[in-house]
Amino acid sequence: MEIDKFSNWLIHRTGKCLVAGPCSVESEEQILGTAKELAPCDVTLLRGGIWKPRTRPGSFEGIGEKGLNWLKAAGRTTSLPVATEVAIPAHVEQCLNANIDVLWIGARTTTSPIAVQAIADSLAGIDIPVMIKNPMNPDLGLWIGAIERVRRAGIKRVVAVHRGFSTHIRHKYRNQPLWSIPLELRSRMPEIPILCDPSHICGTQQYIASISEAALEAGLDGLMIESHWRPESALSDPGQQLSPAQFAELVGQVVRNRNLGVASRNRESDNLWREIDEIDQDIGALLSTRVSILRKIEADGADGSRISGKTWANICATRLVAAVAKQLLGTGESKLGECDSGCTQTEARSIETRKWLLRSKTSPCGDSVTTERPV
Ligand code: PEP
Ligand code: MN
């Protein structure tokens, strides 16, 4: 499938594509005021949400169609192309009528292949760039599927946007970056430019600079950053939006400095190591959740804190099966035997327990156990 080189249409003299603008278009004054302050900061594309997919009803759900003209007018005044999110074919039609320059598909929409296909069908025969955010959940296949659907509709200028992933683990980020996913997308579809959206990864202003840096170190093609002229009074995502002055500082620090040669050596492995750091933090968070659950069990009373031999054996056996399935542990007894040499007494004891679990159907305290040999 033919695809236009990103550098021909949206790359800036900084060498990166910089998309900036408020989470939502709120008023004519707000989008114009924000655009005027952002325009001198090397912005390549002005963003602004018109229809906002909010988790709960009753919060600000976007200004709707009338905001398209405000967005376009702000773009004309500042000589910037403009972009907004579309979630249904009617949005596509309204954007085309308002001469919006670039569309994007949001994370919640990418999660639904039927919704993406409906948008793709409405784009058939139209020459407009489309940015596709990753789905909410860490599923590379869904992201690739959405890109394929839009490309099959004949769209040649397609951009992927990495905005982090929602997982069950509580984390310092609103959405975990899981760098290996965008890096894998790049190796599977090297022709697709990838932007990073640190605003939705971070959820607060705090880590936006370090995530932006990591994205550029990883060789991504640019950034999409939420910026509002009065972030504290924004009607959506107030905590994560930068003022235009903060945005300018970020571009100076992270983008321009990089071009001056402050770049790192081995970007891909740096980011993979960053991901390992994050996984280690998650392991710590999970262990602490586990400990607090155990404390609750203990608080239920003396009996609650005691575990029967049968329960304990079942816990060990199921964890062992899971470990073998994930190839964290060898499957054969010979392998377990090999591990015996040179290990500490505690390790040796636990290896003895594993061996016992593999062989026996009786727990050390004599209860019968319903475990199968997990090989
Ligand atoms: C947004 O860009 O404002 C937005 C809603 O993003 P996401 O789809 O990544 O949550
Ligand atoms: Mn937002």
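The values are calculated or read from the model by the stated rules, or taken from the named source; none is laboratory data. Quick caveat: nothing in here was measured; it's all calculated off a predicted structure. Methodologically, a virtual Cβ is constructed for each residue, glycine included, from the backbone with ideal geometry; neighbour enumeration extends over all protein chains shown. These accessible areas exclude ligands, DNA and RNA; they are computed on the full protein's heavy atoms, side chains included. Shrake-Rupley method; radii C 1.70, N 1.55, O 1.52, S 1.80 Å.
Structure values in brief
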{"quantity": "Residue within the range 81-88 that is farther than 30 Å from Gly15 by Cα and either more than 15 Å from ligand 2 (Cβ to nearest atom) or open to solvent by less than 10 Å² (accessible area, probe 1.4 Å) (or both) present", "calculated": "yes"}
{"quantity": "Count of residues meeting criterion [farther than 9 Å from Val25 by Cα, within 16 Å of ligand 2 (Cβ to nearest atom) and free of Cβ contacts under 8 Å to residues at least 60 places away in the same chain] in the range 52-77", "calculated": "4"}
{"quantity": "Some residue of the range 108-115 being closer than 28 Å to Leu250 by Cα and under 15 Å from the mean Cα position of the chain (by Cα)", "calculated": "yes"}
{"quantity": "Single residue of Gly21, Gly48 found to be open to solvent by less than 10 Å² (accessible area, probe 1.4 Å), free of Cβ contacts under 8 Å to residues at least 40 places away in the same chain and not basic (Lys, Arg)", "calculated": "Gly48"}
{"quantity": "Members of the range 229-243 that are in contact (Cβ under 8 Å) with a residue 12 or more places away in the chain and either within 10 Å of ligand 2 (Cβ to nearest atom) or open to solvent by 30 Å² or more (accessible area, probe 1.4 Å) (or both)", "calculated": "Trp229, Arg230, Ala234, Leu235, Ser236, Asp237, Gly239, Gln240, Gln241"}
{"quantity": "Any chance Arg258 is among the basic types (Lys, Arg), within 18 Å of Ile211 (Cα to Cα), modelled with pLDDT under 80 and open to solvent by 60 Å² or more (accessible area, probe 1.4 Å)", "calculated": "no"}
{"quantity": "Residues within the range 92-115 that are more than 26 Å from Ala39 (Cα to Cα), within 13 Å of ligand 1 (Cβ to nearest atom) and of a type outside the set (D, E, K, R), tallied", "calculated": "6"}
{"quantity": "Selection within the range 173-192 - under 13 Å from the mean Cα position of the chain (by Cα), part of a loop (DSSP other than H, G, I, E, B) and away from ligand 2 (no atom under 16 Å from the Cβ)", "calculated": "Pro177, Leu178, Trp179"}
{"quantity": "The range 174-202, residues that are buried (at least 20 other Cβ atoms within 10 Å of the Cβ) and hydroxyl-bearing (Ser, Thr, Tyr)", "calculated": "Ser199"}
{"quantity": "Positions within the range 55-80 being surrounded by fewer than 17 Cβ atoms within 10 Å (Cβ to Cβ) and of a type in the set (Gly, Ala, Ser), in sequence order", "calculated": "Gly58, Ser59, Gly64, Ala73, Ser79"}
{"quantity": "Long-range neighbours under 8 Å by Cβ, at least six apart or interchain, first residue in a helix (DSSP H, G or I) within the range 307-320, second open to solvent by 50 Å² or more (accessible area, probe 1.4 Å) and among the basic types (Lys, Arg)", "calculated": "Cys316/Arg354; Leu320/Arg354"}
{"quantity": "Condition met for Gly164 (within 16 Å of ligand 2 (Cβ to nearest atom) and on the phi > 0 side of the Ramachandran plot)", "calculated": "yes"}
{"quantity": "Candidate set from the range 101-121 (those that are free of Cβ contacts under 8 Å to residues at least 40 places away in the same chain and open to solvent by less than 10 Å² (accessible area, probe 1.4 Å)); member that is farthest from His200 (Cα to Cα)", "calculated": "Ala120"}
{"quantity": "Failed item, numbered, when Phe6 is tested on (1) open to solvent by less than 30 Å² (accessible area, probe 1.4 Å); (2) touching a Pro at 6+ places or on another chain (Cβ under 6 Å); (3) at pLDDT 95 or above; (4) away from ligand 1 (no atom under 16 Å from the Cβ)", "calculated": "(3)"}
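This table checks each residue for (1) within 23 Å of Asp282 (Cβ to Cβ); (2) modelled with pLDDT under 95.
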position	(1), (2)
Ile88	no, no
Leu96	no, no
Thr110	no, no
Asp121	no, no
Ile132	no, no
Asp139	yes, no
Arg163	yes, no
Thr167	yes, yes
